[in-house]
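Peer 1: First the structure, then my questions, so here it is.
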Amino acid sequence: AQVWSSVPLAPPDSIFALTARYVADTNPKKINLGVGAYRDDNGKPWVLPVVKKASRKVEESDRDHEYLSITGLPAFTNAAQKLVFGEDSLSVKENRVISVQTLSGTGANHLAALFMSRFYQFTKDKEIYISNPTWANHNAIISNVGLNPVSYPYYNPQTIGLDFEGFVKSIESMPAKSVILLHSCAHNPTGVDPTSEQWQILAELFLKKGHYAFFDSAYQGFATGDLDRDSSSVRLFASKRIPMLVCQSFAKNAGLYNERVGALHVVGASEDEAQRIKSQLSVLQRSEISNPPAYGAHVVSLILTDPELFSEWKRDIKTMSSRIIEMRDQLYNKLQELKTPAPAGRSDWGHIKSQIGMFSFTGLNKAQCDSLVNNYSIYLTANGRISMAGLNTHNLQRFAESVDEVVR
Ligand code: PMP
């Protein structure tokens with residue numbers, strides 16, 4: 001008998017499928033703006049100099065390969081916690097933050113969602129609210145643990161900006177104590193973040209309604225180049241004692257994509273509550289992965305705890321974020337110069353410059369994106385998102401000219 005005859009063929013993951021098409025393309029002028037990974041000005045992956053140094057130290061140390069504890073390497077989770085919440089965080093000082101090392105940001109999101117599914121007292125139908133749009137994996141991760149992802153208004157295609165009014169109205173009308181997923185900075189895929197004044201308003205609403213903040217922090221340092229500034233939303237919420245957790249990834253800001261370095265931080269109302277949460281996370285983690293991988297955690301904990309390496313890391317982050325910001329300026333200037341018609345609803349391409357982080361939502365429509373892929377070998381997702389890191393001084397002109405052609 002055919003055991004798996006009823007298993008339907010699933011479609012390939014759209015981003016990874018796009019990358020495969022890019023790799024197979026023989027056009028020497030091809031450009032990959034799909035995947036969200038940093039590239040240097042030659043379009044090559046960049047191993048951060050500080051990571052090279054720290055890796056060497058880790059390799060030279062006479063480390064063994066014994067299991068880490070279930071919740072990971074304490075030197076890593078403690079330092080990672082301070083990086084997110086800040087040196088002066090009251091929540092950290094009062095021992096109310098517990099941290100578990102996870103398989104990068106994806107693992108943190110999964111463990112957080114799993115914990116929620118077991119222990120959160122949902123007001124309505126196990127709903128977790130996610131921005132429209134959001135990182136596609138949020139939907140899958142949340143559904144996989146039996147929770148229901150429900151979209152809240154976030155992006156306004158008319159203005160290619162934040163639909164703050166819709167966002168606020170929606171938060172006000174959700175049942176009390178709703179769980180709301182927030183991107184702490186550099187929103188993926190839109191590159192559109194609330195301003196600090198808007199974060200203040202959001203925090204007040206969370207307090208008023210007793211909502212739970214589920215922060216996803218995958219790009220700390222990538223938005224402004226400043227680690228502290230990029231964590232200000234998280235710190236604001238923590239200072240107001242809004243119930244919250246943070247999913248943290250070191251994939252982008254340390255360029256450690258395939259090492260899977262991340263952490264889940266949950267803030268409790270008291271030290272005792274925090275310890276009870278940690279004990280349950282340990283139980284869940286034990287059955288899922290037993291214990292997390294050590295190598296990347298050693299590298300990152302060295303970088304976070306050695307003052308010299310930490311300074312060097314901050315310079316490396318500046319190098320990445322500045323290059324991305326430079327590409328935003330150059331792309332904007334080039335499109336101005338070409339007098340490229342702006343997307344519907346916009347008088348110019350200013351959104352390219354005002355958007356934040358790794359991505360830009362260009363406002364290009366699906367037909368225009370398809371044409372860029374099929375006729376120009378320029379790979380981007382059909383929602384018009386481009387990874388700014390895929391642009392460089394060698395391909396920017398060609399990209400701008402191609403955009404100019406497809407929108408006319
Ligand atoms: N959250 C968001 C919003 C992301 O964009 C990403 C990376 N694409 C992640 C989480 C997790 O990535 P990783 O598992 O590689 O840390």
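The values are calculated or read from the model by the stated rules, or taken from the named source; none is laboratory data. Source: prediction; values computed, not measured. Every residue, glycine among them, receives a Cβ derived from its backbone with ideal geometry; neighbour counts consider all protein chains shown.
Peer 1: Go through the stretch 15-37 residue by residue and tally those that are among the polar types (S, T, N, Q), surrounded by 12 or more Cβ atoms within 10 Å (Cβ to Cβ) and out of contact with any helix residue (DSSP H, G or I) (no Cβ under 6 Å at 6 or more places or on another chain).
Peer 2: Total satisfying the criteria: 1.
Peer 1: Mind checking whether some residue in the stretch 350-365 is within 16 Å of the ligand (Cβ to nearest atom), surrounded by 20 or more Cβ atoms within 10 Å (Cβ to Cβ), touching a residue at least 12 places away in the same chain (Cβ under 8 Å) and among the aromatic types (Phe, Trp, Tyr)? Write out each step before concluding.
Peer 2: So in the stretch 350-365, the residues within 16 Å of the ligand (Cβ to nearest atom) come out as 355-361.
Imposing the further condition that a residue be surrounded by 20 or more Cβ atoms within 10 Å (Cβ to Cβ) reduces the set to 355-361.
Checking the rest, the ones that are also touching a residue at least 12 places away in the same chain (Cβ under 8 Å) come to 355-361.
When the remaining residues are screened for being among the aromatic types (Phe, Trp, Tyr), the result is 359, 361.
Yes, some residue in the stretch 350-365 is within 16 Å of the ligand (Cβ to nearest atom), surrounded by 20 or more Cβ atoms within 10 Å (Cβ to Cβ), touching a residue at least 12 places away in the same chain (Cβ under 8 Å) and among the aromatic types (Phe, Trp, Tyr).
Peer 1: In this structure, does Val246 turn out to be more than 16 Å from the ligand (Cβ to nearest atom), over 24 Å from Pro49 (Cβ atoms), buried (at least 23 other Cβ atoms within 10 Å of the Cβ) and at pLDDT 95 or above?
Peer 2: On the way: more than 16 Å from the ligand (Cβ to nearest atom): no; over 24 Å from Pro49 (Cβ atoms): yes; buried (at least 23 other Cβ atoms within 10 Å of the Cβ): yes; at pLDDT 95 or above: yes.
No; evaluated as a whole, the condition is false for this residue.
Peer 1: Would you mention how many residues in the stretch 112-143 are touching a residue at least 24 places away in the same chain (Cβ under 8 Å), more than 12 Å from the ligand (Cβ to nearest atom) and of a type in the set (S, T, N, Q)?
Peer 2: Of the residues in that region, 3 qualify.
Peer 1: Filter the stretch 249-280 for residues that are away from the ligand (no atom under 16 Å from the Cβ) and crowded, with 24+ Cβ neighbours inside 10 Å and give the result.
Peer 2: Going through the stretch 249-280, the residues away from the ligand (no atom under 16 Å from the Cβ) turn out to be 266-280.
Answer for the stretch 249-280, where residues must be away from the ligand (no atom under 16 Å from the Cβ) and crowded, with 24+ Cβ neighbours inside 10 Å: just Val267.
Peer 1: Restricting to the stretch 346-372, name every residue that is farther than 21 Å from Lys252 by Cα and either in a loop (DSSP other than H, G, I, E, B) or of a type in the set (A, V, I, L, M) (or both). Let's see the steps before the verdict.
Peer 2: Keep residues of the stretch 346-372 that are farther than 21 Å from Lys252 by Cα, which gives 346-351, 362-372.
Matches in the stretch 346-372: Arg346, Ser347, Asp348, Trp349, Thr362, Gly363, Leu364, Asn365, Ala367, Leu372.
Peer 1: Would you confirm whether any residue within the stretch 157-174 is among the small types (Gly, Ala, Ser) and either touching a Gly at 6+ places or on another chain (Cβ under 7 Å) or within 27 Å of Ala10 (Cβ to Cβ) (or both)? Explain how you work it out, then say what you get.
Peer 2: Taking the stretch 157-174 as the starting set, the residues that turn out to be among the small types (Gly, Ala, Ser) are 161, 166, 170, 173.
The next check asks that each one be either touching a Gly at 6+ places or on another chain (Cβ under 7 Å) or within 27 Å of Ala10 (Cβ to Cβ) (or both); those that pass are none.
Within the stretch 157-174 (the criterion being among the small types (Gly, Ala, Ser) and either touching a Gly at 6+ places or on another chain (Cβ under 7 Å) or within 27 Å of Ala10 (Cβ to Cβ) (or both)), the answer is no, since none of the residues qualifies.
Peer 1: Is there any pair linking a residue in the stretch 39-55 that is exposed (fewer than 13 other Cβ atoms within 10 Å of the Cβ) to one that is not small (Gly, Ala, Ser), with Cβ under 9 Å and at least six apart or on different chains, and which?
Peer 2: Going by the 9 Å Cβ cut-off, the qualifying pairs are Asn42/Asn392; Asn42/His394; Pro45/Tyr38; Pro45/Arg39; Pro45/Tyr257.
Peer 1: Testing Ala10 on (1) exposed (fewer than 12 other Cβ atoms within 10 Å of the Cβ); (2) touching a Phe, Trp or Tyr at 6+ places or on another chain (Cβ under 7 Å), one condition comes back false. Which one is that?
Peer 2: (2)
Peer 1: Something else: Can we say Gly384 is away from the ligand (no atom under 16 Å from the Cβ), closer than 26 Å to Tyr219 by Cα and in contact with a Cys (Cβ under 8 Å, 6 or more places away or on another chain)?
Peer 2: Values: away from the ligand (no atom under 16 Å from the Cβ): yes; closer than 26 Å to Tyr219 by Cα: yes; in contact with a Cys (Cβ under 8 Å, 6 or more places away or on another chain): yes.
Considered against the rule, which asks whether it is away from the ligand (no atom under 16 Å from the Cβ), closer than 26 Å to Tyr219 by Cα and in contact with a Cys (Cβ under 8 Å, 6 or more places away or on another chain), Gly384 comes out as yes.
Peer 1: Of the numbered conditions (1) loosely packed, with under 14 Cβ neighbours inside 10 Å; (2) in a helix (DSSP H, G or I); (3) free of Cβ contacts under 8 Å to residues at least 12 places away in the same chain, Asp329 satisfies every one except a single condition; which is it?
Peer 2: The number of the failed condition is (3).
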